[in-house]
1. What pairs come out if I take residues in the range 25-49 that are farther than 21 Å from R72 by Cα and pair them with residues that are outside any helix (DSSP H, G or I) and at pLDDT below 95 whose C-beta lies under 6 Å away, six or more apart or interchain?
2. Give the residue, chosen from E4, E19, E30, that is under 25 Å from A90 (Cβ atoms) and at pLDDT 95 or above.
3. Run down A12, A16 and say which single residue is touching a residue at least 60 places away in the same chain (Cβ under 8 Å), touching a His at 6+ places or on another chain (Cβ under 7 Å) and either loosely packed, with under 13 Cβ neighbours inside 10 Å or among the small types (G, A, S) (or both).
4. At least 3 residues that are under 18 Å from K7 (Cβ atoms) in each: list the helices (runs of 4 or more DSSP H) lying fully within the range 21-104 that qualify.
5. Could you check the range 62-86 and list, in sequence order, the residues that are small (G, A, S) and within 16 Å of Y26 (Cα to Cα)?
Amino acid sequence: MRPELLKGHVDALLLAVLEPGPQHGYAVIESLRAGSNGTLDLPTGTVYPALHRLERAGLIGSDWETVGGRRRRTYHLTTAGRAALGEHRALWDEFSIAVSALLGGGTKPAPA
């Protein structure tokens with residue numbers, strides 16, 4: 001998938017991946033890949049800065065844990081993150097309906 005198609009959607013995708021429960025960074029990347037049947041294979045250089053940005057914004061939190069003698073950071077949604085995910089979903093629904101109507105050859109939305 002072309003990277004420019006993801007602009008503006010990475011944050012929503014990361015919030016959605018964290019919705020079921022906490023995950024460490026590599027598991028987040030794997031969840032994106034698995035949940036999209038391999039279409040969203042984002043590099044660590046995209047995912048980790050976005051996770052840090054979401055944490056600074058208060059939409060996710062993180063905790064350190066030790067597994068197999070190795071420390072790793074686990075990320076989870078905050079209450080604000082759940083609310084933001086709901087907003088992202090509402091905007092996505094509106095956007096995807098409009099784009100599908102135009103590109104899918106279906107009925108076009110009525111003019112505003």
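The values are calculated or read from the model by the stated rules, or taken from the named source; none is laboratory data. Please read these numbers as outputs of a predicted model, since none were measured by experiment. FYI the Cβ positions are ideal-geometry reconstructions off the backbone, even for glycines, and counts take in every protein chain you see.
1. Pairs found: T39/M1.
2. Numbers: E4 fails: at pLDDT 95 or above; E30 fails: under 25 Å from A90 (Cβ atoms).
After ruling out the rest, the residue left standing is E19.
3. Numbers: A16 fails: touching a His at 6+ places or on another chain (Cβ under 7 Å).
Testing whether each residue is touching a residue at least 60 places away in the same chain (Cβ under 8 Å), touching a His at 6+ places or on another chain (Cβ under 7 Å) and either loosely packed, with under 13 Cβ neighbours inside 10 Å or among the small types (G, A, S) (or both) leaves just A12.
4. Details: elements: 25-35, 44-56, 79-103.
Where helices (runs of 4 or more DSSP H) fall fully within the range 21-104 and carry at least 3 residues being under 18 Å from K7 (Cβ atoms), they are 44-56, 79-103.
5. Filtering the range 62-86 down to residues small (G, A, S) leaves 62, 68-69, 80-81, 83-84, 86.
Passing the criteria: S62, G68.
The rows are residues; the columns are (1) out of contact with any helix residue (DSSP H, G or I) (no Cβ under 7 Å at 6 or more places or on another chain); (2) loosely packed, with under 14 Cβ neighbours inside 10 Å.
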site: V47; (1), (2): no, no
site: G58; (1), (2): no, yes
site: V67; (1), (2): yes, yes
site: D93; (1), (2): yes, yes
site: G104; (1), (2): yes, yes
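A quick yes/no check of all residues on (1) in contact with a Gly (Cβ under 6 Å, 6 or more places away or on another chain); (2) closer than 25 Å to G8 by Cβ; (3) touching a residue at least 12 places away in the same chain (Cβ under 8 Å):
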{"site": "D63", "(1), (2), (3)": "no, no, yes"}
{"site": "G68", "(1), (2), (3)": "no, no, no"}
{"site": "Y75", "(1), (2), (3)": "no, yes, yes"}
{"site": "L91", "(1), (2), (3)": "no, yes, no"}
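Yes/no matrix, rows are residues, columns are (1) surrounded by 15 or more Cβ atoms within 10 Å (Cβ to Cβ); (2) over 12 Å from the mean Cα position of the chain (by Cα); (3) not hydroxyl-bearing (S, T, Y):
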residue: I29; (1), (2), (3): yes, no, yes
residue: T39; (1), (2), (3): no, yes, no
residue: P43; (1), (2), (3): no, yes, yes
residue: L51; (1), (2), (3): yes, no, yes
residue: L54; (1), (2), (3): yes, no, yes
residue: W64; (1), (2), (3): no, yes, yes
